[in-house]
Every structure is written in structure tokens, then in C-alpha cells.
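Below is one structure, written out as C-alpha cells; comments come after it.
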Amino acid sequence: MPTEQEYKGRCFCGAVEIRVKGAPAAMGYCHCTSCREWSAGPVNAFTLWPPSAVTVTRGADQLGSFSKNPTSVRKWCKKCGGHVLTDHPLWGVVDVYAATIPEFPFDAKLHVNYGETVLRLHDGLVKQKDMPKEMGGSGTVVPE
Ligand SMILES: [Zn+2]
Ligand SMILES: [Zn+2]
């Protein structure tokens, strides 16, 4: 078996450092209103990992946390405000924002919550209206 690849990540100021290892369960772009309002950006590039694959290696005490609903616990660095990750406890995965792990070869496979989009992207990837069926969504695919 090949050794599991590791990638380091950090918040905007570097007070918080993380490490992911192995391969994510899924990666793509989320267009939901929550991601937009929290990130102040039109789209969130996500990578979903099993919790055991994600380690906070520095500054765990600097991580702030906010949960608007039970599906997402959003975490950021209290020093710089930089976003780090979101726990999705009901789905058993952690979203490490692609921007937080710049060396990871991000390769989007789908768009989720495209029904809420404000920025249409014509990249030929599948556009889920909400979430795939296996993640509790409708599985409905919508046009670009
Ligand atoms: Zn920071
Ligand atoms: Zn979202």
C-alpha cells in the first residue's frame, strides 16, 4: 500500500495549522446561501474528509466555532478571522476549504446547492440542485 499523502494547511495569519492525509471523500463547489453569507464569497470550494484524516497541528485554542444549524459547525481563527474548516457531524465529514490547503491538488467533481447559486459556472460538471442522495439530498441534477 502506498504511504498516505499529507498536506499542510493554515489560516490567514498562520496561528492555526492543520494537516490532512489520504484522499478526500468528495470535493467540489458549494453554492448555498450559508456558505456565501459566512465566507463573503459567491462559491465555496470544499474538500470533505473523514474526521480521522484531519488534524489541527497548531493553535487549536485559537479556533472559534459557530453553528447556525446542526449540520455545520464552522471554524475560524480567532486571531485573523481566516476560515479553516467546517465540521459536518451529521454526515461524518469535515470540510477543509480548498483555499486552506493550497498544495492539495483540488479537482472539483461536482457542484452542490446550485439551486441557490448567484454565480453560474459553465465547467461541464454535474450541478446538484441541493445535495446528492447519499448525503440526504434530493439528488436532482439541474442545468448549468
Ligand atoms: Zn489566523
Ligand atoms: Zn454551502
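Scanning segment 67-79 for residues that are part of a strand (DSSP E or B) and either surrounded by fewer than 16 Cβ atoms within 10 Å (Cβ to Cβ) or within 16 Å of ligand 2 (Cβ to nearest atom) (or both) yields S67, K68, N69, S72, V73, R74, K75, W76. Considering the conditions (1) away from ligand 2 (no atom under 13 Å from the Cβ); (2) under 11 Å from the mean Cα position of the chain (by Cα); (3) under 23 Å from G136 (Cα atoms), G92 is excluded by exactly one of them, (2).
Comparison of D123, D95 shows that the only residue that is acidic (D, E) and under 28 Å from R10 (Cα atoms) is D95.
The residues listed here are D107, D130; of these, the one that is over 23 Å from F12 (Cα atoms), charged (D, E, K, R) and under 16 Å from the mean Cα position of the chain (by Cα) is D130. Could you list all residues from segment 41-66 that are surrounded by fewer than 19 Cβ atoms within 10 Å (Cβ to Cβ), outside any helix (DSSP H, G or I) and within 16 Å of ligand 1 (Cβ to nearest atom)? Scanning segment 41-66 gives V56, T57, R58, L63, G64, S65, F66. Considering the conditions (1) exposed (fewer than 14 other Cβ atoms within 10 Å of the Cβ); (2) of a type outside the set (D, E, K, R); (3) within 16 Å of ligand 1 (Cβ to nearest atom), H83 is excluded by exactly one of them, (1).
Kindly check whether there is at least one residue in segment 19-36 that is touching a Pro at 6+ places or on another chain (Cβ under 9 Å), in contact (Cβ under 8 Å) with a residue 24 or more places away in the chain and in a strand (DSSP E or B). Yes: segment 19-36 contains one or more residues that are touching a Pro at 6+ places or on another chain (Cβ under 9 Å), in contact (Cβ under 8 Å) with a residue 24 or more places away in the chain and in a strand (DSSP E or B). Among the residues of segment 80-105 satisfying the criterion of being in contact with a Pro (Cβ under 9 Å, 6 or more places away or on another chain) and in a loop (DSSP other than H, G, I, E, B), which is modelled with the highest pLDDT? Here the answer is F104.
The values are calculated or read from the model by the stated rules, or taken from the named source; none is laboratory data. Please read these numbers as outputs of a predicted model, since none were measured by experiment. Neighbour counts run over all protein chains shown; Cβ positions are idealised from the backbone, glycine included.
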